[in-house]
Each structure stands twice: as structure tokens, then as C-alpha cells.
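A.B. asks: The structure under discussion is supplied below as C-alpha cells; questions concerning it will follow.
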Amino acid sequence: MELIVETHNLTQRFGTHVALNQVNLSIPKGAVYGFIGPNGAGKTTTMRILTTLLQPTAGEALVNGISVRQNPDAVRKLIGFMPDYFGVYDSMRVWEYLDFFAHVYGIKQPRRTSLIQELLQLVDLTEKHDSYVMNLSRGMKQRLSLARTMAHDPSLLILDEPASGLDPRARIELRELLRELSRMGKTIMVSSHILSELAEMCSHIGIIERGTLLASGPVNEIMHDLRPHKLIEIQVVERAMAALQLLKQLPTINDVNLINELADDQAGGKLAINFSGTSDESSSILSNLIGQGFRVNHFAERQSDLEEVFLHVTQGVVA
Amino acid sequence: MKAILQKEFRSYLRGNRAFTMLSIYLFILSGLCVLIYAGFNDGGFSDRSDIGLALYVTSAVVAIFQLTFFAPSLNASSLGSERDRQTIDVLMVTPVRRYQIILGKLIAPCLFLFLLSLASLPIGAMALLIGGIEIRDLLIALTIQVVTVLGYGTVGIWGASWAKTSRGAMLATLGLALIMAVGLPLLALLVVGILSNDEALFKSIMNNGFIRNLGVVILSFSPFFSLVMWIQSISEGQATTWTLDLQGALGGGVILQPWLISLLLWLVLIPLLIWRSSKQLQKSVARSSGG
Ligand SMILES: Nc1ncnc2c1ncn2[C@@H]1O[C@H](COP(=O)(O)OP(=O)(O)OP(=O)(O)O)[C@@H](O)[C@H]1O
Ligand SMILES: [Mg+2]
């Protein structure tokens, strides 16, 4: 697996404050890497080091094997960066904005003109070609900003909180756009403090808190490692109390609870099972219940949601 | 860098700031000249060459004075506004070099200010026609204006590479420019005034060539001072282009014309400031947390 981003004991201090503490990141080529952490965790700091804006206090950061410290110019050619603000010039027209950056990246005419068309098409802003940037909506500015990061066809996109401040619709559009970019073969590193924002689209995640990388790797592995305990919800139409007794005796189950209050012994109800077995074992729980004559109308493993993983992990560190 | 310049010019042409400044500049300049001219007319007939000289002096002094205000503030806001809006970050992750950003941000406002200074040429031409001055005098006044624009312009850029906000940079560098332009000569006047109470001491200091020359060099940081010195030479009717004969005053001897010293000083200082600004810009951007 080829890595496009690697950091070795990356450390950043601001005065006495340690913003990053020996972070070892690795992002494989082609990944969509969600970089998640609460406010002040060090996400922006990491990204500013990777984009050569900030020199790390200690440690090393490599982009495509090139040191950010030693050869920042070469790194700059490989990356597209979108900061957590748009970085747009209000008094320019949309095409002028893109033209400016394409020019800065050394792209010559007439290629520039066609490139601008392609970029606008990619981010779906073709009709806004001649509009002033200041008249664009927030979501549009965001997309324009993303188009800019693509001007020199970088292999790594570093996007700092791209979804912040967007309405749900704009978020969905953004997500689609990032999927598209990922299909085009870009590696994308995207930060957020809201996990669900990234949940479905990331192939890898890293969780950072207070400058320490708590977990990093493929999404499913991380979720597996962090949540060995699954939650199964069951609903029976009647005799919930009896079902509870039965389930308590099953060896594979750690714990069972009633979720709702029961009117009487015969009433149906919802149960929650804390379970750490395989899917074979969970299916045998179901057949066991049915075998005993319980009428089950709901049996489902709660989708372990990244949000929970996140809370779980980060709480471990905050004293 | 061509890209940066192009972008800057576009925004100058687009905003009405440029137009407003041009209007204010010409309004003040021509207004004062009309006053001078009218003043002379009222005072009955006088030597034509006096009128020409007066026009020249007024337009040159007013131009320098305005440029002293405009150059640092316009340049400070040129770089500062990128930092305010943090577009500078985005620019700095592209392969443009730091000095190219600095140069682009410097050259655009300076070219605009040159335009202002050229716009005052007609008044100079009028003075030339009326008489009392030569083309050489116009060229020297123009040179001093160019030094003012570029010199105080780089001071503005340098300030903006330090300051957190463009407003801060504007105020600080404007203050610095004013101190250099007006404060230094005033201070010199004060010192000379105090010293001249004690004739012996005054003479002994002024006769020390080193101290006197140092004084002249320091004062020449102010293009305003060198302009005043030049005006004085021509109004005494004995200006030599490159050198100034002190004719016994201040210890006597011949020194370079202050305008030339000014030019040479700033020729050294400007590249130095540009280089420092590039370094400082990198540091300042690293220090800002990025929003
Ligand atoms: N230039 C700076 N000077 C001093 N401290 C800084 C600077 N930049 C960041 N910090 C500190 O470093 C820590 C990490 O900041 P960073 O901006 O990387 O967090 P973040 O994860 O991006 O947070 P957010 O979700 O709020 O954007 C914070 O405690 C912050 O106060
Ligand atoms: Mg941040």
C-alpha cells in the first residue's frame, strides 16, 4: 500500500502549548481520509504543516515521499488546499478567480480558458462564469474554492472543514463532489468535528484529540476495534418479561435490558442486548427466541454509528 | 508574478477607489496652484519667473506630501487585505515565491501612484512655460516622487508583513513614514535651534565633517527634506545638479545634493525591505492560526 501522506512523530508547539504531540499519520493513495477531532484538537495545525504553511517544531511530514521541510516547493505542486474559510477574492468574477490561480500555477493560455470551463463544469457553476464572487452563496463559494484547489490537478486534496456552515442540501452536493473527485483518483484528506458528516464517504479515518492521534486506519477496522460490543435491539409482541429471563440465560450475551416500561407480565416490549459474539451467534439468539414461541417483530443490530465511536474514543482521554 | 499584477490592476480599475484617489489628489494639487496663481495676480505685477517657481514649488511639495500619505497606506492595505481575508494562505500554498507575492503587492499600488505623480506634470509644464524653472528641476522633483512612492511603499509592505491587520499596518507605517518625512527634519530643526544658543558648541559640532554629514544622510531618509533642500538651492538661483556647495555654512565644503543621497539610500533600503518582508510574511502566516 503506497502512502501519500506520512508523518513521523510530528510535533508542533506554540509557546508552551503542545498543539500536536508525536503524531504518526499515514494516508494511503486514493483514500478518502476523514480527519476527525473536537475543536482545538490540532486538525488545522496538521493540515497547515502538510501544506507547508507552518514549519513543525519537531518530527517529519512527507507528501508522496517528499519532505515538507526540505522541499516545500515540490510539495506545493502536489497538493490542493482549501482552508476552513474560503480564501476567495470578493471583487473578482468567478472566471477571473480561477484564471488567476491557473496562471499562478503556470498554466498557459489557451489551456487556461478551457480548464476554467472544465473546472466550473465539475463543480456545477457553469452559469456563474461571469458572476462576481461576492454574489455567490456560501455553498457556491465553497465549490468555487474547491475548483480552485483542482486547478493544477494535484494528487492530494487537503480540505479543512469543507462542510461547515453549509445547509443540508449543499452538504449533500459537496459529498457528491468529493465522491466524484475520489473517483478521479484524488486522495482526499478532509477534516471535521462532526463525524456523521464524513461517515459514509470516508474509506479511512483518523481521530485526534488534544494533539494526540487516538486512532487511524480503515473505517471498518477502526469501528471493529473500538466497538467489540454490539447492540442488538429486539421487540417482542408479548411476554417481554419472559423473553428477558430467557435471554439472560444465554451464554453469548453480556447483558440484557428492557428499554420500555411494561404494563404487566404479559405485555410486549423492547429489549436491548449487549453482545460481543459473531453473526452466527446472533442468529442463534433469534432462532432460540422463536423456538421458545416468542413472537419477534424486530431484531436488528444497531448500526454502530461513528458518532458513538468518536465519543467513546475521545472520552477515554479527556480527564 | 504577472498573474498577481494582472489581478491587482483589475481590482484597481474596478473599484472606484483609484478614481476617488486620483480626483482627491488632483483636486488638492490644482486647487492650491490656482490659489498661488491668484495670490500672485492680486499682489500686482511681479516677476514672471517668481510665479513659475511658486507653481513648481507648490505642486512638488503638495505632491510629495500626498504621496507620503498614500504610498504607505495603499501598500500596507494591498498586502494587509490579503492577510485580513486570509487569501494569502491560499496564495502561499501555490508555487509562487514569497518575494514574488511581495513584489506584486508592491508594484501594483506604486504604478498607480506614479500615475498620480504624472498627472501633476501639466502643472509643472505650465511652470516651465511661465519660466523660472528648468526641465531638470521637473525631473528631479519627479525622481524624489518616485523615491517617495517606492520607499514608503516598501515600508508599507514591510509593515503589513508584520502586522496582524491591515488597519494596524496602515496606521503604523503611515506613522513611520510621517516621522521619517516630517519628524526627522523637525527634530533636526529643534536640535539646531537649541545648539545655536551656544555658538562655540554649534560651530565645533558643525565643523566636525563626520557629524554634519551623518546628519545630512539621516535627514535624506526624508524625500521631503531633500525636496526642500533642492527648492532652496534653486530659489537661491545657484543650483548645481549633483552637488551642493555649502558656501561656508555648516562648516562649509561641498556635499552631494540631498535628493541624490535620498535616491542612493533608498536604492539600498528598498531591496533590503523587500527581502525582509518576504521572510517576515512566511513567519507571520505560520503564526496566524488560520481562522
Ligand atoms: N498560531 C497559533 N498560536 C498559538 N496557538 C495555536 C496557534 N494555532 C493553533 N493553536 C492552538 O493549537 C491547538 C490546535 O489548534 P487547531 O487549529 O489545529 O485545532 P482544530 O482541530 O483545527 O480545531 P477546530 O475544530 O476549532 O478548527 C489549539 O489549542 C489552538 O489554540
Ligand atoms: Mg480547524
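A.B. asks: Any residue in segment B:15-36 that is within 14 Å of another protein chain (Cβ to nearest Cβ), part of a helix (DSSP H, G or I) and either closer than 22 Å to B:LEU178 by Cβ or of a type in the set (Lys, Arg) (or both)?
C.D. replies: Yes, segment B:15-36 contains a residue that is within 14 Å of another protein chain (Cβ to nearest Cβ), part of a helix (DSSP H, G or I) and either closer than 22 Å to B:LEU178 by Cβ or of a type in the set (Lys, Arg) (or both).
A.B. asks: Would you call B:LEU263 away from ligand 2 (no atom under 16 Å from the Cβ) and crowded, with 19+ Cβ neighbours inside 10 Å?
C.D. replies: yes
A.B. asks: So for segment B:74-81 (the condition being within 13 Å of another protein chain (Cβ to nearest Cβ) and either part of a helix (DSSP H, G or I) or not β-branched (Val, Ile, Thr) (or both)), does at least one residue qualify?
C.D. replies: Yes, segment B:74-81 contains at least one residue that is within 13 Å of another protein chain (Cβ to nearest Cβ) and either part of a helix (DSSP H, G or I) or not β-branched (Val, Ile, Thr) (or both).
A.B. asks: Could I ask something else about it? Please enumerate the residues belonging to segment A:184-203 that are surrounded by fewer than 22 Cβ atoms within 10 Å (Cβ to Cβ) and either without any contact (Cβ under 8 Å) to a residue 12 or more places away in the chain or acidic (Asp, Glu) (or both).
C.D. replies: Answer for segment A:184-203, where residues must be surrounded by fewer than 22 Cβ atoms within 10 Å (Cβ to Cβ) and either without any contact (Cβ under 8 Å) to a residue 12 or more places away in the chain or acidic (Asp, Glu) (or both): A:MET184, A:GLU200.
A.B. asks: Restrict the check to segment A:85-101 and report whether at least one residue is over 18 Å from B:ARG98 (Cα atoms), within 16 Å of ligand 2 (Cβ to nearest atom) and assigned by TED's automatic domain parsing to the domain that holds A:SER137.
C.D. replies: Taking every residue of segment A:85-101 in turn, at least one turns out to be over 18 Å from B:ARG98 (Cα atoms), within 16 Å of ligand 2 (Cβ to nearest atom) and assigned by TED's automatic domain parsing to the domain that holds A:SER137.
A.B. asks: Can you tell me which residue among B:GLY168, B:GLY159, B:GLY183 is closer than 12 Å to B:SER81 by Cα, part of a helix (DSSP H, G or I) and not hydrophobic (A, V, I, L, M, F, W, C)?
C.D. replies: B:GLY168
A.B. asks: From B:ARG97, B:ARG10, B:ARG85, grab the single residue that is over 30 Å from A:LEU156 (Cα atoms) and within 11 Å of chain A (Cβ to nearest Cβ).
C.D. replies: Among B:ARG97, B:ARG10, B:ARG85, only B:ARG10 is over 30 Å from A:LEU156 (Cα atoms) and within 11 Å of chain A (Cβ to nearest Cβ).
A.B. asks: Next up: For residues that are of a type in the set (Val, Ile, Thr) and away from ligand 2 (no atom under 16 Å from the Cβ), scanning just segment A:40-84, find the one that is surrounded by the most Cβ atoms within 10 Å (Cβ to Cβ).
C.D. replies: A:VAL63
A.B. asks: Then there's this: May I ask you to say which residue of A:ILE49, A:ILE4, A:ILE27 is of a type outside the set (Ser, Thr, Tyr) and touching a Lys or Arg at 6+ places or on another chain (Cβ under 6 Å)?
C.D. replies: The unique qualifying residue is A:ILE4.
A.B. asks: A further question on this structure: Could you please give the count of residues in segment B:234-259 that are of a type in the set (A, V, I, L, M) and under 16 Å from B:ALA60 (Cβ atoms)?
C.D. replies: Here the count works out to 2.
A.B. asks: On to the next question. Out of the residues in segment A:139-177 that are within 16 Å of ligand 2 (Cβ to nearest atom) and among the hydroxyl-bearing types (Ser, Thr, Tyr), which is nearest to the chain's Cα centre (by Cα)?
C.D. replies: A:SER164
A.B. asks: Let me ask something additional. Can you run down the residue pairs with Cβ atoms below 6 Å, 6 or more apart or on separate chains, where the first is in segment A:38-54 and assigned by TED's automatic domain parsing to the domain that holds A:ILE79 and touching a residue at least 12 places away in the same chain (Cβ under 8 Å) and the partner is among the aliphatic types (A, V, I, L, M) and near ligand 1 (Cβ under 8 Å from one of its atoms)?
C.D. replies: Note: pairs meeting the criteria are A:ALA41/A:ILE208; A:GLY42/A:ALA19; A:GLY42/A:LEU20; A:GLY42/A:ILE208; A:THR45/A:ALA19; A:THR45/A:LEU20; A:LEU54/B:ALA286.
A.B. asks: Kindly indicate whether B:LEU35 is within 14 Å of the chain's Cα centre (by Cα) and not charged (D, E, K, R).
C.D. replies: Against the criterion (within 14 Å of the chain's Cα centre (by Cα) and not charged (D, E, K, R)), B:LEU35 does not qualify.
A.B. asks: Filter segment B:253-291 down to residues that are more than 24 Å from the chain's Cα centre (by Cα) and more than 14 Å from chain A (Cβ to nearest Cβ) and give me whichever is nearest to A:ASP84 (Cα to Cα).
C.D. replies: Per the stated criteria, the residue is B:VAL254.
A.B. asks: Anything in segment B:257-291 that is in contact (Cβ under 8 Å) with a residue 40 or more places away in the chain, part of a helix (DSSP H, G or I) and within 16 Å of ligand 1 (Cβ to nearest atom)? List them, or say none.
C.D. replies: If the condition is that a residue be in contact (Cβ under 8 Å) with a residue 40 or more places away in the chain, part of a helix (DSSP H, G or I) and within 16 Å of ligand 1 (Cβ to nearest atom), then B:GLN280, B:LEU281, B:GLN282, B:SER284, B:VAL285 are the ones that fit.
A.B. asks: Which members of segment B:242-252 meet the condition of being in contact (Cβ under 8 Å) with a residue 12 or more places away in the chain and surrounded by fewer than 15 Cβ atoms within 10 Å (Cβ to Cβ)?
C.D. replies: B:TRP242, B:THR243
A.B. asks: Next question. Among the residues of segment A:1-12, is any within 12 Å of ligand 1 (Cβ to nearest atom) and closer than 30 Å to A:ALA102 by Cα?
C.D. replies: no
A.B. asks: Looking at segment B:121-142, which of its residues are crowded, with 18+ Cβ neighbours inside 10 Å and in a helix (DSSP H, G or I)?
C.D. replies: B:ILE123, B:GLY124, B:ALA127, B:LEU128, B:ILE130, B:ASP137, B:LEU138, B:ILE140, B:ALA141, B:LEU142 - these are the residues of segment B:121-142 that are crowded, with 18+ Cβ neighbours inside 10 Å and in a helix (DSSP H, G or I).
A.B. asks: I would also like to ask the following. Within the set of pairs 6+ apart or on separate chains, which have a first residue in segment A:149-171 that is within 14 Å of chain B (Cβ to nearest Cβ) and in contact (Cβ under 8 Å) with a residue 24 or more places away in the chain, a second that is part of a loop (DSSP other than H, G, I, E, B) and polar (S, T, N, Q), and C-beta atoms under 9 Å apart?
C.D. replies: Here the result reads A:ALA151/B:THR94; A:HIS152/B:THR94; A:LEU156/A:ASN64; A:ILE158/A:THR51, each pair linking segment A:149-171 to a residue that is part of a loop (DSSP other than H, G, I, E, B) and polar (S, T, N, Q).
A.B. asks: Being away from every other protein chain (no Cβ under 14 Å), within 22 Å of the chain's Cα centre (by Cα) and either in a helix (DSSP H, G or I) or modelled with pLDDT under 85 (or both) is the requirement here; does B:SER204 meet it?
C.D. replies: No, not satisfied.
The values are calculated or read from the model by the stated rules, or taken from the named source; none is laboratory data. Nothing here was measured: the structure is a model prediction, and the numbers come from that model. Note: ideal-geometry Cβ built from the backbone for every residue, glycine included; neighbour counts use all protein chains shown.
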